[in-house]
Amino acid sequence: MHNGTTITQFIIEEQRHISGATGDFTSLLNDIVTACKVISNMVNKGELIGVLGSAGSENVQGETQKKLDILTNEVFIKSNEWAGHLAAMASEEMEEIYPIPAGKPRGKYLLTFDPLDGSSNIDVNVSVGTIFSILRCPGSGEAPAEKAFLQAGTAQVAAGYAIYGPSTMMVLTTGHGVNGFTLDQDIGEFILTHPNMTIPEDTREFAVNASNERFWELPVQRYVQECLSGTEGPRGEDFNMRWIASMVAEVHRILTRGGIFMYPLDSKMKAKGIGGKLRLLYEGNPMSFIIEQAGGMSITGRERIMEIQPENLHQRVPVVLGSKNEVQRVLDYHREHDAMDQE
Ligand code: AHM
Ligand code: MG
């Protein structure tokens, strides 16, 4: 029998410190937790229940959808639309926002999510995850429009992710630090196993899809080149490299032992007229909130991600996040480069 703190207990105790908390938020987080347990079970069963492979369709980003992208999106909607805590949801897998249907009670929060991030990894049995962010819904009563979601990351009430790896874990912030919970499959509960997760300020480990190197901007090329040149280079130290192609898994590694993760702007994106690979509202912002709450830093290369005023639901941003001193260095390299450009 476990005698640790369950995630429900943890959330209720945390909410007790907030005056005026009605229990709505606690209950919303509980529904999200339930959705992640269902997804964990699906991901875990994999081909036994015939959920691997492509669905033969594309999402709004023009990416091929996996069967699990669609199924997990449905799980998230079904788990979160009934209880009366939300006014609307938005997801990577849906072009438009999903207002709570007429006939169901409407609440004061908005939920954005990527139901299965890193889903290109699913068929090869590598870790994937779910990312979510909770915002307050501005206005009252009327059905929200897309505009309601266009809030800077600093306005987030909570953010988290579930990682479906060797263990299933949930990592959560409500703006008071970051805590990690491990799913005990025998009792079906997430138990607090990683209280107060913090990111070391220094690291000698970087993560980037190096196949894009020739398309990167000069400051990123410089940073990575200096890491690669190791003890003989200007950094005077050897660096290690990782690339899982699953942002949740990279962020989880960084929360565990430090590191820097980059999906920077590149000339291929610029040619396509997009501002990055990762999406601001359900990838960049929630991960930035978690990283900052754990003492790390999260920027586009030039600015703090959480201060960006979103212009549309599926907006993309460059992402550089992780151990403070390395992210600061990447920021400095961009500033130096941009200053020289001005001269
Ligand atoms: P997805 O939301 O369609 O899964 O895409 C996001 C993922 C991130 O998890 C990961 O960091 C990145 O895409 C990997 O990109 P690449 O395939 O270029 O390495
Ligand atoms: Mg994603």
The set of residues whose placed amide H lies less than 5 Å from the amide H of E205, leaving out same-chain residues fewer than 5 positions away, is N240, I260
Mean 1/r over distinct Cα pairs of the chain, inverted to a Kirkwood Rh in Å, yields 20.6
Can you give the Rg/Rh ratio of segment 205-342, where Rg is from the C-alpha atoms and Rh is the Kirkwood radius? 0.94
Rg/Rg_globular for segment 127-174, with Rg_globular taken as 2.2 N^0.38 Å and Rg from C-alpha atoms: 1.47
Average the reciprocal distances over every distinct pair of alpha-carbons in segment 265-335, invert the result, and give the Kirkwood radius in Å. 12.3
Once amide H atoms are placed 1.01 Å from N in the peptide plane, what residues at a sequence separation of 5 or more from R304, or on another chain, have their amide H within under 5 Å of its amide H? none
Under the Karplus relation 6.51 cos²θ - 1.76 cosθ + 1.60, θ = phi - 60°, what is the ordered set of whole-Hz ³J(HN,Hα) values for segment 104-120, x standing for Gly and Pro? 10, x, 10, x, 9, 10, 10, 10, 10, 7, 10, x, 9, 7, x, 5, 5
Between 0 and 90°, nearest 10: helix 67-80 axis offset from the chain longest Cα axis: 50
Please arrange H337, H314 by counting, for each residue, the other beta carbons lying within 10 Å of its beta carbon, fewest first. H337, H314
Average projected area of the Cα convex hull of segment 145-292, in nm²? 11.2
How big is segment 7-194 by the Kirkwood estimate over distinct Cα pairs, in Å? 17.1
Segments 258-266, 8-16 sorted - mean Cβ within 10 Å per residue, highest first: 258-266, 8-16
Tell me the relative contact order for the chain as a rounded percent, counting alpha carbon contacts under 8 Å between residues six or more apart. 15
Could you pull out every one of the lysines with an alpha carbon less than 27 Å from that of K104, ignoring same-chain neighbours closer than 8 positions? K37, K78, K147
Please report the net charge: other residues with Cβ closer than 11 Å to the Cβ of I97, K and R +1, D and E -1. -2
Relative to the longest principal Cα axis of the chain, at what angle does helix 24-45 sit, 0 to 90 degrees, rounded to 10? 70
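No value in this document is a laboratory result; all are computed from the given coordinates. It should be emphasised that the depicted structure is a prediction, and the values quoted were computed from it without experimental measurement. Methodologically, a virtual Cβ is constructed for each residue, glycine included, from the backbone with ideal geometry; neighbour enumeration extends over all protein chains shown.
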